[in-house]
Amino acid sequence: MALLKSLLAPTTKPSLSLFRHNVCMNNAPETENKVHSGPMSHDPARKKVTLIQLSQMYRKSKPITMTTAYDYPSAMHVDEAGIDIILVGDSASMVVHGHNTTLPLTIEEMLVHCRSVARGAKRPLLVGDLPFGTYESSSNQAVDTSARFLKEGEMDAIKLEGGSPSRVIAAKAIVEAGIAVMGHVGLTPQSISVLGGFRPQGKNVAGAIKVVETAMALQEAGCFSIVLECVPAPVAAAVTAALQIPTIGVGAGPFCSGQALVYHDLVGMSQHPHHAKVTPKFCKQYARVGDVINNALVEYKEDVINGSFPDTDHSPYKISQTDVYSFLNELQRLGLDQAASAAYEAVENMDTSNAPIKLQRLNHYSDPKETPRMKMSFVRPLITRRGFSTSSENLIASVLFERLPVVIPKVDPVVYAFQEFSFRWRQQYQRRYPDEFLDKSDARGKGDYQIDYVPAPRITEADKNNDRRSLQRALDRRLYLLLFGDAYGAPSGKPVWHFPEKVYESEDTMRKCAESALKSVLGDLSNTYFVGNAPMAHMVIQPTEDQSGSNSLKRFFFKSQVIAKNKFNIGKCEDFVWVTKDELMEYFPEQTEFFSKMIIS
Ligand SMILES: Nc1nc(=O)c2c([nH]1)NC[C@@H]1CN(c3ccc(C(=O)N[C@@H](CCC(=O)O)C(=O)O)cc3)CN21
Ligand SMILES: CC(C)C(=O)C(=O)O
């Protein structure tokens, strides 16, 4: 105990610094921490605030800072900021619980707040506010409640409101029970019933004198400090001068020993006028935390809705490649095909955007020749699609990707003849332009206004060379994209001409499936326009003799158009062509009838 006292004693005696040095070598700070339940820091500025520290600050006229806190995170922030006192105020009733007054808060609720704060704040002095109705009826009740704040609430001291004679007696009894008491005069919100509202106090001579006398009586009872709430600055100055203990002002002007503000008010937590129960006039907002919170929540919501959260960075839990396969197989064995399909889809999707997963998977492989892709394609046929598909048929989304004519098509001779005729007709019967207008020989533009307009040729180099890979051909016709390579339903290993297409698996819609088919060829869909959500045609393909045992195939065609682009990097195929309707028929000799119906021009 003697050691502890000398550690706490404010002194500059040289012997002490020597002593401290020894203490450190003996790892004594731990003893210190235990006694005060203080932080593990060796920084003297982090030493637990006690009544002794406070009276030192008071004697040295160092301003004392106090804010409220009601939970673990707010307590941590307040501690971190080096605030001296945390008041677990009954304002919790209003700012945390949403009541209109401080009256409804119970002792049990308060104790929950107190314990949470005690877990978060190690350095500040912790003061618990006695709730309305838990200390007024007798000194015994006041002592019992206060004791609970120390035993169950882990507080260092309590605060009570008011200074009536019975209240002063109760304060004295609590101090005599060994519990430090902070008084509270001026506006005492628990007395709202008799005060008639959250009204400032001490605004006339009698009121001001009452504030001074009450504060003095509470000092006499043994309070270590007094909160002065909502009183004029001169009154607070008088009280501060009259007392030998620190005053803490809340809306009481600058002449107090210290200042307090409600946490939510000072950080600007409750921005919304309907939600901020009260934000008294005297509050200064040091931030607009409420706005920051609102923005964060809105952004989060949007991210979830548009699918950008969670991304792979925020989906950290991995399952090994081998386990995924066993899991898929197990799901199928249990008849949970849709679940297996969904899990497989997830593996595929995470795959593309997360290289580390791939590496990790490869490492799990025992046979280095067997790549993950091969193993996947082994699993794939086992998996059926979810949604409206039945297990006996395979659905394919195909894309008829077209480039519209770039130049006006050559006019049909009959149409041309009619246009000629109607032009002459109009010329003949319309009113003549005035001569002076028509006779202006320079009316067609000269000099700066002269446009040397040479139309681009309708026949391009690609037309001349029959370069079907170019989009700069058959400018007056629609062109359609065909790919050469492996296709679903084709004899295995034999590349064929086909449209961009994809087997429907677990996309939300066939249209989505068609989009991903085209995307896998073009890389992205930014220069494409999908025409409508519904397929434009569908084709049923029965299995051939040698494919007996396999299922029928349904191929749905979706129309998409090229926009604002005259060259694409076509991937995922051995070859490709951009062809007109007539040319397209050459590539599908067995299906000319179908395609000539499906494609108009
Ligand atoms: N968010 C919050 N901040 C606080 O400072 C606080 C609370 N809540 N709740 C508990 C008490 C209540 N306090 C209050 C509440 C309202 C006023 C207020 O608005 N007073 C008006 C006069 C209102 C009247 O005359 O009826 C003023 O002009 O100061 C002041 C202090 C201070 N405490
Ligand atoms: C305004 C402060 C001093 C208070 O009493 C509370 O927060 O309950």
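Residue by residue through segment 180-226, note down the ones that are within 13 Å of ligand 1 (Cβ to nearest atom), within 16 Å of S164 (Cβ to Cβ) and not small (G, A, S).
H184, L187, T188, P189, Q190, I192, L195, Q201
Mind telling me which of the residues D291, D311, D303, D323 ends up being in contact (Cβ under 8 Å) with a residue 40 or more places away in the chain and of a type in the set (D, E, K, R)? Working first, answer last.
Numbers: D291 fails: in contact (Cβ under 8 Å) with a residue 40 or more places away in the chain; D303 fails: in contact (Cβ under 8 Å) with a residue 40 or more places away in the chain; D323 fails: in contact (Cβ under 8 Å) with a residue 40 or more places away in the chain.
Of the residues listed, the single one that is in contact (Cβ under 8 Å) with a residue 40 or more places away in the chain and of a type in the set (D, E, K, R) is D311.
Considering only segment 62-73, state which residues are assigned to a loop (DSSP other than H, G, I, E, B) and within 16 Å of ligand 1 (Cβ to nearest atom). Can you show your working first?
Within segment 62-73, the subset assigned to a loop (DSSP other than H, G, I, E, B) is 62-63, 69-71.
The answer is A69, Y70, D71.
Filter segment 50-73 down to residues that are in contact with a helix residue (DSSP H, G or I) (Cβ under 9 Å, 6 or more places away or on another chain) and open to solvent by less than 30 Å² (accessible area, probe 1.4 Å), then give me how many there are.
Number of matching residues: 6.
If you check Y480 against the conditions, is it within 12 Å of L400 (Cα to Cα), open to solvent by 30 Å² or more (accessible area, probe 1.4 Å) and either among the hydroxyl-bearing types (S, T, Y) or without any contact (Cβ under 8 Å) to a residue 12 or more places away in the chain (or both)? Walk me through how you get there before you give the answer.
Values: within 12 Å of L400 (Cα to Cα): yes; open to solvent by 30 Å² or more (accessible area, probe 1.4 Å): no; either among the hydroxyl-bearing types (S, T, Y) or without any contact (Cβ under 8 Å) to a residue 12 or more places away in the chain (or both): yes.
Criteria not met by Y480.
How many residues, within segment 497-535, are open to solvent by 40 Å² or more (accessible area, probe 1.4 Å) and aliphatic (A, V, I, L, M)?
The number of residues fulfilling the criteria is 3.
For residues that are outside any loop (DSSP other than H, G, I, E, B) and either among the hydrophobic types (A, V, I, L, M, F, W, C) or open to solvent by less than 100 Å² (accessible area, probe 1.4 Å) (or both), tally how many sit in segment 448-477.
Filtering segment 448-477 down to residues outside any loop (DSSP other than H, G, I, E, B) leaves 448-449, 461-465.
If we keep only those that are either among the hydrophobic types (A, V, I, L, M, F, W, C) or open to solvent by less than 100 Å² (accessible area, probe 1.4 Å) (or both) as well, we get 462-463.
Selection size over segment 448-477: 2.
Give the residues of segment 91-143 that are away from ligand 1 (no atom under 16 Å from the Cβ) and among the charged types (D, E, K, R), sorted by residue number.
Scanning segment 91-143 gives E108, R115, R119, K122, R123, E136.
Could you count how many residues in segment 166-185 are open to solvent by 30 Å² or more (accessible area, probe 1.4 Å) and either under 20 Å from H113 (Cα atoms) or outside any loop (DSSP other than H, G, I, E, B) (or both)?
Residues of segment 166-185 that are open to solvent by 30 Å² or more (accessible area, probe 1.4 Å), as a first pass: 166-167, 169, 172, 175-178.
Among the residues that remain, those that are also either under 20 Å from H113 (Cα atoms) or outside any loop (DSSP other than H, G, I, E, B) (or both) are: 166-167, 169, 172, 175-176.
Residues in segment 166-185 being open to solvent by 30 Å² or more (accessible area, probe 1.4 Å) and either under 20 Å from H113 (Cα atoms) or outside any loop (DSSP other than H, G, I, E, B) (or both): 6 in total.
Pick from segment 254-279 the residues that are modelled with pLDDT of 85 or more and small (G, A, S): which of them is farthest from ligand 1 (Cβ to nearest atom)? I'd like the intermediate steps shown before the answer.
Narrowing segment 254-279 to residues modelled with pLDDT of 85 or more: 254-269, 279.
Retained after the next criterion (residues that are small (G, A, S)): 257-258, 260, 268.
Details: S257: 19, G258: 15, A260: 8, G268: 11 Å.
Among those residues, the one meeting the criterion is S257.
Going by the structure shown, is T322 more than 16 Å from ligand 2 (Cβ to nearest atom), touching a His at 6+ places or on another chain (Cβ under 9 Å) and of a type in the set (V, I, T)? Talk me through it step by step, then tell me what you get.
Details: more than 16 Å from ligand 2 (Cβ to nearest atom): yes; touching a His at 6+ places or on another chain (Cβ under 9 Å): yes; of a type in the set (V, I, T): yes.
Taking the combined requirement at face value, the residue satisfies it.
For segment 268-278, state whether one or more residues are within 22 Å of the chain's Cα centre (by Cα) and within 16 Å of ligand 2 (Cβ to nearest atom).
Yes: segment 268-278 contains one or more residues that are within 22 Å of the chain's Cα centre (by Cα) and within 16 Å of ligand 2 (Cβ to nearest atom).
What's the number of the condition K301 fails, among (1) in a loop (DSSP other than H, G, I, E, B); (2) within 15 Å of the chain's Cα centre (by Cα)?
(1)
The values are calculated or read from the model by the stated rules, or taken from the named source; none is laboratory data. Bear in mind the structure is a predicted one, so any value in this text is a computation, not a measurement. Virtual Cβ from ideal backbone geometry, glycine too; neighbours counted across all protein chains shown. Keep in mind that these areas ignore ligands, DNA and RNA; they rest on the heavy atoms of the full protein, side chains included. Shrake-Rupley method; radii C 1.70, N 1.55, O 1.52, S 1.80 Å.
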